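Data first, discussion second: the structure below is written as structure tokens.
The values are calculated or read from the model by the stated rules, or taken from the named source; none is laboratory data. Just so we're clear, the structure is a prediction, and the values are computed from it rather than from any experiment. Here the Cβ positions follow ideal geometry from the backbone for every residue, glycine too, while neighbour counts run over all protein chains shown.
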Amino acid sequence: MSGGIMQALYNSVSGLFGFSQSLDTISNNISNMNTPGFRGSDSFFENVMDDDGTKIAGTGQDTTEGQIEQTSTDTDVAIQGDGLFMLKDSEGNLYYTRSGQFEFNSSGQLVDSANQYLVQGYSPTGSFGNIDISSLKTLPAQATTTVNMVGNLSTAQTTDSVSDVTVYDSQGNSQALTVALSYTGKTGENTWAVTITNSSGTTVGSGTIGFNGDGSPATGSNTIAVTNTSGGTAQSIAFNFGTPNALSGATSVSGSATSLTAQVQNGHGVVGVSSESFDTNGILQLTYGDGETKAGPQLALATFADESDLQTIQGNLYLPPQNQTAQIGRPGTSAFGTIDGSSLEMSNVDLTQELADMIVIQRGYQASSRVMTISGDMLQQLYDSTQSGG
């Protein structure tokens with residue numbers, strides 16, 4: 001008889017341990033319900049051989065995707081579909097996560113906000129490694145080579161000028177040029193004398209432009225060449241006055257008002273990145289201060305044959321399952337999902353379900369505790385009866 005009571009006692013103790021471990025899993029899920037990219041876990045009970053109670057056989061991850069929410073941070077990213085981001089610590093260890101809460105450090109490397117681990121991806125040339133934009137943070141200076149003159153020159157107004165035409169040399173230095181025009185009359189075509197001066201008043205270019213009877217630029221007389229000297233370096237700039245024989249760019253129509261303006265087509269000083277964003281393929285699109293855009297590095301994703309066996313390190317950070325090798329690739333290709341920029345995947349924890357499971361665990365714990373109490377009472381009664389019988 002005592003053997004059966006002792007077995008009941010052992011079974012109840014195993015139940016208490018099992019329910020306690022399961023409660024630990026539930027509490028971890030609830031505490032991480034607001035952790036981006038966190039995946040909840042479930043505990044699995046199994047019967048111990050020879051009816052020796054129960055134990056936790058292990059835990060498994062819920063691999064369903066969490067809800068994706070928009071954020072105001074350009075470097076936040078979420079995965080639509082399969083895949084995990086890859087992170088590397090200072091010792092070269094790789095970790096995996098669904099949380100795309102990233103930022104650039106002072107060195108221009110993309111890191112996760114929580115641990116400052118380096119995000120892995122592909123450089124613009126295709127090499128795999130840390131995502132690094134240190135060489136892309138600024139655009140080098142570019143010299144101006146083309147200025148397009150747009151608008152009308154009315155012969156009713158014999159002079160016109162366009163000032164503050166800002167151009168750049170190869171060192172990124174800016175200079176304001178002035179375009180002065182004077183109507184010289186009609187000798188087969190309407191002709192204008194053009195003089196271009198720099199900010200010091202020095203003439204850097206001059207010539208004559210002509211227009212056909214319909215007001216379109218005449219062939220061979222629609223461009224003024226400028227040689228601007230800045231910092232000791234000669235710089236050639238073409239001032240284009242429209243397309244020959246076409247009413248586009250600059251025109252000279254007497255019945256219309258004068259409206260000539262200058263459109264600088266290229267050239268800039270050293271400009272930095274003004275904003276960045278990730279496209280659906282995980283490619284970082286960089287926008288610079290002058291409005292120019294440039295494609296940067298691309299995020300890498302990893303998948304495993306069974307992601308439910310990922311080993312949780314902390315919160316939303318995982319190690320690969322044992323005996324599984326990561327398949328690595330680019331977002332939007334093969335088995336990999338796409339990227340939502342300025343977004344984060346929230347935890348997939350269902351609070352209602354967790355609270356319901358907690359109530360079940362509580363009832364099981366109470367029942368096991370009750371069995372242990374009754375088993376103890378019965379053992380005490382058995383002991384007392386043997387003492388009184390002696």
When residues of segment 291-316 are limited to those that are within 30 Å of LEU136 (Cβ to Cβ) and of a type in the set (A, V, I, L, M), the one surrounded by the fewest Cβ atoms within 10 Å (Cβ to Cβ): ALA295
Index of the failed condition, THR352 passing every other in (1) of a type in the set (Val, Ile, Thr); (2) surrounded by 15 or more Cβ atoms within 10 Å (Cβ to Cβ); (3) under 30 Å from SER43 (Cα atoms): (2)
Search result, residues across segment 362-381 that are surrounded by fewer than 19 Cβ atoms within 10 Å (Cβ to Cβ) and either touching a helix residue (DSSP H, G or I) at 6+ places or on another chain (Cβ under 6 Å) or under 28 Å from GLN80 (Cα atoms) (or both): GLY364, TYR365, VAL371, MET372, MET378, LEU379
Answer residue from segment 265-290, given it is within 9 Å of the chain's Cα centre (by Cα) and charged (D, E, K, R) and is surrounded by the fewest Cβ atoms within 10 Å (Cβ to Cβ) among those: ASP279
Spans of strands (runs of 3 or more DSSP E) in segment 1-111 with at least 2 residues modelled with pLDDT of 85 or more: 68-70, 77-80, 84-88, 94-97, 102-104
The lone exception for GLU354 - which of (1) farther than 19 Å from LYS88 by Cα; (2) outside any helix (DSSP H, G or I) it fails: (2)
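Per-residue answers, yes or no, for (1) closer than 30 Å to LEU344 by Cβ; (2) surrounded by 13 or more Cβ atoms within 10 Å (Cβ to Cβ):
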residue: PHE85; (1), (2): yes, yes
residue: LYS88; (1), (2): yes, yes
residue: GLU91; (1), (2): yes, no
residue: SER106; (1), (2): yes, no
residue: GLN116; (1), (2): yes, yes
residue: VAL147; (1), (2): no, yes
residue: SER154; (1), (2): no, yes
residue: ILE196; (1), (2): no, yes
Flag if GLY188 is surrounded by 12 or more Cβ atoms within 10 Å (Cβ to Cβ), at pLDDT below 95 and closer than 21 Å to ASN152 by Cβ: no
Any hit, segment 320-334, residues being modelled with pLDDT under 85, touching a helix residue (DSSP H, G or I) at 6+ places or on another chain (Cβ under 7 Å), farther than 20 Å from ASP62 by Cβ and not charged (D, E, K, R): no
